[in-house]
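*Asks:* Dumping the structure here so I can ask a few things about it.
The numbers here are math on the coordinates, done by the rules we state, and not lab data. In this text the structure is predicted, and so the values were computed from the model without any measurement. For neighbour counting, all protein chains shown are included, and Cβ atoms are generated from backbone atoms with ideal geometry for every residue, glycine included.
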């Protein structure tokens, strides 16, 4: 039996070096852990979630990630490299690349 799975995630994705560009309200009211990733590995949570998907799921997996517009090409390259297909980038209402959709066909 083939299953269809949907994963939606808004992981932390702001590099620590980009903190200075944020509006003060963001830093003041959002938990640090919900916002920031290390500069040396800004894809850390995309990697963890993607490898978890590959390890745990069977069938078709649709993945929707909120993303950092400054590293969207790195996210696309990573997903392609590990076997995700049909990758699409969507813009938000301000015209920034803000969401990626990808599909993984898991076999077991």
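*Asks:* Taking every pair of alpha-carbon atoms in the chain, give the share separated by more than 23 Å as a whole percent. Let's see the in-between values first.
*Replies:* Values: 1754 of 5778 pairs.
For the chain, the fraction of Cα-Cα distances above 23 Å is 30 percent.
*Asks:* What is the distance in Å between the Cα centres of region 1-22 and region 76-95?
*Replies:* Taking the Cα centre of each part, region 1-22 and region 76-95 sit 12 Å apart.
*Asks:* Mind sorting 79, 22 by how few other Cβ atoms lie within 10 Å of their own Cβ, fewest first? Write down the numbers at each step before the final one.
*Replies:* Working: 79 22, 22 14.
Placing the least packed residue first, the sequence is 22, 79.
*Asks:* Next question. Once both axes come from the Cα atoms, what is the angle between helix 72-81 and the longest principal axis of the chain, in degrees from 0 to 90, rounded to 10?
*Replies:* 20
*Asks:* Any idea what angle helix 44-56 forms with the longest principal axis of the chain, computed on alpha-carbon atoms, 0 to 90 degrees, nearest 10?
*Replies:* Approximately 20 degrees, to the nearest ten.
*Asks:* Can you pull the one-decimal nm distance between simple spin-label points at residue 10 and residue 73, each 7 Å off the Cα toward Cβ?
*Replies:* 2.8
*Asks:* Further, regarding this structure: Calculate the spin-label point distance for residue 52 paired with residue 2, positioning each point 7 Å from the Cα along the beta-carbon direction, and give it in nanometres.
*Replies:* The modelled label-to-label distance comes out at 2.6 nm.
*Asks:* Could you please rank 50, 17, 9, placing first whichever residue has the fewest other Cβ atoms within 10 Å of its Cβ?
*Replies:* Result, fewest neighbours first: 17, 9, 50.
*Asks:* While we're on this one: For a quick check: sort 87, 75, 26 by the number of other beta carbons within 10 angstrom, fewest at the front. Walk me through the numbers before you get to the answer.
*Replies:* On the way: 87 15, 75 23, 26 12.
Fewest-to-most Cβ neighbours within 10 Å comes out as 26, 87, 75.
*Asks:* At 222 nm, what helix-only mean residue ellipticity would the chain give, in deg cm²/dmol to the nearest 500, using -39500 (n - 2.57) for each DSSP H run of four or more? Write out the running numbers ahead of the final one.
*Replies:* Values: 4 runs with 33 residues, N = 108.
My calculation for the chain gives -8500 deg cm²/dmol from helical runs alone.
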